[in-house]
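> Below: one structure in structure tokens.
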Amino acid sequence: MSQDLIRKGLTLHGAWHYNLGDASRIMQVIRGCGDLLDKQITHTCPMSSVREAFELQLTGDCGKVVLYPWE
Amino acid sequence: MKAVRISGERQAELIDLPDLEAKGEYMVVKIHATPMCTEYKAYRAGHLWQGIGHEAAGEVVEVAQPGKVKVGDRVAVMPQLPCGRCALCLKGEYIHCQYLENLTEATGYEGGNGTYAQYVLKQDWLLLPLPDGMSYEHAGMACCGLGPTFGAMQLMQVDAFDTVLVTGLGPVGLGAVVNAVYRAARVIGVEGQPFRANLAQELGAETVIDPAEEGALEQLMELTDGLGIDKAIDCCGAPRRSACVLTRRDARGTSPSSAKQAS
């Protein structure tokens, strides 16, 4: 703790999500990053094939995987 | 409705659950896209789990009372079941709410609250309306795909003057790259998995360092003219490779050698 944090003078934040007041801003990011999100979402998959999707995640050879619950 | 249940070690199945009914501020959302998060860890370990998933985008299909959204609205579903009344909720920090609601007590529904399902119940104020033209796939990224690292960058006020280090380039860390690129910051990644290292670079990370390689910290110092990193986001959860260990830049001019000792 001393070496890694105090002596470096770091500021440490825990961030799990974002403030609800920033909701419009994250929508702005999404609108401005469409091409990047299409790359970040590397796979889409019917929910009926969820096992295959989990197995894919276990390989690490994916970015974000999106399920379609009606397929 | 159909939903996913983890039924054993590397076992998952679709099950039939009772249909949902709106109650109070809980609205029924028909889910069109469900981004997958860390549920695979429970799948791998065989933790029996019904009602999995916390990310989704869809359409409001039933309400019990007038609220912040109405039937037909396209929305992104926010996580958790915060109380909406405590000090943290009232200032927008609902993710840290200490008084989470119990869905069954609140609505009478016993099937779980997951988004690996065709419908989900959620309080109206946790449904973010989508701008026209935004796809459900993209909107779903408003949760963990972009959310945690967006929140971190809001806290750190990341901008175009910064070099941001992202340690761990999984689904959350890759979102950090997207967020940082959007803010025109310079991004250096740390990741040993080749697919993800390559993807991060496609997304705009300038360099990705393999933490298993000899001299990773020296490489980082070289890339920053000996100054080190301004701001870092740890998305890997491995203490020896964490941003805290690799970060050495500070306002007090710590010498590079102290960083080496710390690593």
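The values are calculated or read from the model by the stated rules, or taken from the named source; none is laboratory data. Everything quoted here is computed from the prediction, not taken from an experiment. Counting neighbours? That spans all protein chains shown, and the Cβs are built from the backbone with ideal geometry, glycine included. Heads up: the accessible areas ignore ligands, DNA and RNA and are worked out on the full protein's heavy atoms, side chains in. Shrake-Rupley method; radii C 1.70, N 1.55, O 1.52, S 1.80 Å.
> Top to bottom by accessible area (1.4 Å), largest first, where do A:TRP70, A:TRP16 land?
Largest accessible area first, the list is A:TRP16, A:TRP70.
> Right, something else. Exceeding 27 Å between C-alpha atoms, which entries from my cross-link table qualify? They are B:LYS2/B:LYS91; B:LYS30/B:LYS68; A:LYS8/A:LYS64; B:LYS68/B:LYS91; A:LYS39/B:LYS2.
Correct reply: B:LYS2/B:LYS91; A:LYS8/A:LYS64; A:LYS39/B:LYS2.
> A follow-up question, please. Evaluate Rg over Rh across the protein assembly as shown, taking Cα atoms for both radii and Kirkwood's formula for Rh.
Using Cα coordinates only, the ratio equals 0.99.
> Would you please classify the overall shape of region A:2-68 from the alpha carbon gyration tensor, given that a ≥ b ≥ c denote the square roots of the eigenvalues, rounded means a/c under 1.5, and beyond that prolate means a/b larger than b/c while oblate covers the rest?
oblate
> Going Cα to Cα from B:LYS41, which aspartates and glutamates come in below 13 Å? Please leave out same-chain ones fewer than 8 positions away.
A:GLU55, B:GLU9
> Still on this model: How many angstrom lie between the C-alpha centres of region B:52-77 and region B:85-159?
11
> Using a 1.4 Å probe on the protein heavy atoms only, what accessible surface does A:ARG51 show? Give it in Å² to the nearest 10.
Answer for A:ARG51: close to 100 Å² accessible.
> Take peptide B:37-45, look around each residue's Cβ out to 10 angstrom, count Cβ atoms belonging to other protein chains, and average those counts.
3
> Which of the peptides B:33-41, B:50-58 is most tightly packed, and how do the rest follow, judged by the mean count of other Cβ atoms within 10 Å per residue?
Highest mean packing first, the order is B:50-58, B:33-41.
> Using the Kirkwood radius built from alpha carbon pairs, what does the Stokes-Einstein equation give as D for chain B at 37 °C and 0.692 mPa s, in µm² per second?
Estimated via Stokes-Einstein, D reaches 162 µm²/s.
> Report the local net charge at A:CYS45: Lys and Arg +1, Asp and Glu -1, summed over other residues whose C-beta lies under 11 Å from its C-beta.
Cβ neighbours under 11 Å give a net charge of -2.
> First compute the accessible area of region A:14-71 with a 1.4 Å probe, then give the percent of it belonging to carbon and sulfur atoms.
After summing per-atom areas, the C and S share lands at 46 percent.
> Counting only Cα atoms, I'd like the Rg/Rh figure for region B:1-88, Kirkwood definition for Rh.
1.02
> Take the solvent-accessible surface of the protein heavy atoms, probe 1.4 Å, and return the percent of it on chain B that carbon and sulfur atoms account for.
The computed percentage sits at 49.
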